[in-house]
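We did not get these values from a lab; they are worked out from the coordinates using the rules stated. Since the model is a prediction, treat every value here as computed from it, not as a measurement. Heads up, the Cβs are rebuilt from the backbone with ideal geometry, glycines too, and the neighbour counts pull from every protein chain shown.
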Amino acid sequence: QIGSGFDVELTDGTNFMTMHIDLNTDLFTNPALQGHFNVIGIGAQLDDSSPYEDGYTFWPRSFTDVFGNVIASFDMPGTIVFGDNGEVVDFTNNSEGALVYEWDFGDGEQSGSEVVSHSYSYGFLSGVADVTVALQVTDAFGCTDVYSNTVDVMYTAITERTATSMSIYPNPASEMAMVNSDQIIRSIQITDMSGKVVFSENNVLSVSRLLDLKALSKGVYHLQVTTESDLIIEKLIIH
């Protein structure tokens, strides 16, 4: 903080520079810039000590001197739970200002699509403890930003029983999910990936039940439904 505004340290990945945000510009009251961007400004030197070789900075005149702001961001399950057929993972792209998308799924496969899902093979997932997914985005001005996320992988040998037809909607879910069955549901239980029971309801005695999931954290769970003649276990994702 220096009286008439404040300084921000910037880097282009190699060089470091100081940008001064003046109190009298609209940049002073705007939210802090995120990701990668282009910016121009008036050069200045704030070094008041001989030999006057330091303190170089530049002053953008307004928010219009900033352009090409691009941010890479995406959501994915906190754990990739896979079976004998591998697993299809859905990604939610939250990037801003991007024109070009370059996905690296960590298994040697890439994609240039904005919205993607990716099918991981059993052979790949069974040989790793975690997977790192990266997204590089580029805007119309050539600015790029990269975001990556590393998540654990977990194998489950659970197979669905077919005597009873059951559905969960939506899945992935957030606050609520509806369970529907073609048989009377006797009980519902949800366990986390460590096997801890985090939700349990007995004597449901209905073919459908709306589940309140607001108390559960984001992650992957197992939903166990007991009907009159069957036991069904399916994966439930909360995001």
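Determine the shape class of region 85-229: with a ≥ b ≥ c the square roots of the Cα gyration tensor eigenvalues, call it rounded for a/c under 1.5, and otherwise prolate if a/b is greater than b/c, oblate otherwise.
Working: a/c = 2.66, a/b = 2.03, b/c = 1.31.
Since a/c reaches 1.5 and a/b is larger than b/c, the shape of region 85-229 is classed as prolate.
In debye to the nearest 20, how big a dipole does region 111-196 give about its Cα centre with +1 on each Lys and Arg Cβ and -1 on each Asp and Glu Cβ? The partial results should precede the final answer.
Numbers: 3 positive and 9 negative charges, 90 e Å.
With only Lys, Arg, Asp and Glu charged at Cβ, the dipole is about 440 debye.
Taking the Cα centre of the chain as origin, work out the dipole magnitude from +1 charges on Lys and Arg Cβ and -1 charges on Asp and Glu Cβ, in debye rounded to 20. Don't jump to the answer; show the numbers that get you there.
Details: 8 positive and 33 negative charges, 223 e Å.
Rounded to the nearest 20 debye, it is 1080 debye.
Can you give the FRET efficiency for GLN45 and VAL88, using 1/(1 + (r/R0)^6), R0 = 45 Å, r = Cβ-Cβ distance, to the nearest 0.05?
Plugging the Cβ-Cβ distance into 1/(1 + (r/R0)^6) gives 0.20.
For every helix of n ≥ 4 consecutive DSSP H residues, a contribution of -39,500 (n - 2.57) applies; sum these over the chain, divide by its total residues, and give [θ] at 222 nm rounded to the nearest 500 deg cm²/dmol.
0 deg cm²/dmol
For the pair GLU109/ASP212, report the inter-label distance in nm, with labels modelled 7 Å from Cα in the Cβ direction.
Reported label-point gap for GLU109 and ASP212 is 4.0 nm.
Can you tell me the order of 195-204, 44-53, 217-226 when each peptide is scored by its average per-residue count of other Cβ atoms within 10 angstrom, highest first?
The packing order, highest mean first, is 217-226, 195-204, 44-53.
Counting Lys and Arg as +1 and Asp and Glu as -1, each charge on the Cβ, what is the dipole of region 58-120 about the Cα centre in debye, to the nearest 20?
Numbers: 1 positive and 11 negative charges, 82 e Å.
Here the size comes out at about 400 debye.
Over region 164-239, what is the relative contact order in percent, taking alpha-carbon pairs closer than 8 angstrom and at least six residues apart?
Details: 176 pairs, mean separation 26.6, N = 76.
Across region 164-239, relative contact order equals 35 percent.
Residue by residue through region 134-144, which ³J(HN,Hα) values in whole Hz follow from phi under the Karplus form 6.51 cos²θ - 1.76 cosθ + 1.60 (θ = phi - 60°), with glycine and proline marked x?
With the stated coefficients, region 134-144 comes to 10, 10, 10, 10, 9, 9, 5, 9, x, 6, 10 Hz.
Would you work out which of PRO172, MET154, SER187 lies farthest towards the positive end of the dipole of region 135-239, given +1 charges on the beta-carbon of Lys and Arg and -1 on that of Asp and Glu, about the Cα centre?
Positive-end residue among those listed: SER187.
Evaluate the relative contact order of region 93-205 (contact order divided by residue number), counting alpha-carbon pairs under 8 angstrom at least 6 apart; express in whole percent.
16
Going Cα to Cα from LYS235, which aspartates and glutamates come in below 20 Å? Please leave out same-chain ones fewer than 8 positions away.
Counting by Cα, and skipping residues close in sequence, LYS235 has these aspartates and glutamates nearby: ASP75, ASP84, GLU87, ASP90, ASP130, ASP152, GLU160, GLU175, ASP182, ASP192, GLU201, ASP212.
Which cross-chain or sequence-distant (5 or more) residues have an amide H under 5 Å from the amide H of LEU236, H modelled 1.01 Å from N in plane?
Correct list: TYR221, HIS222, LEU223.
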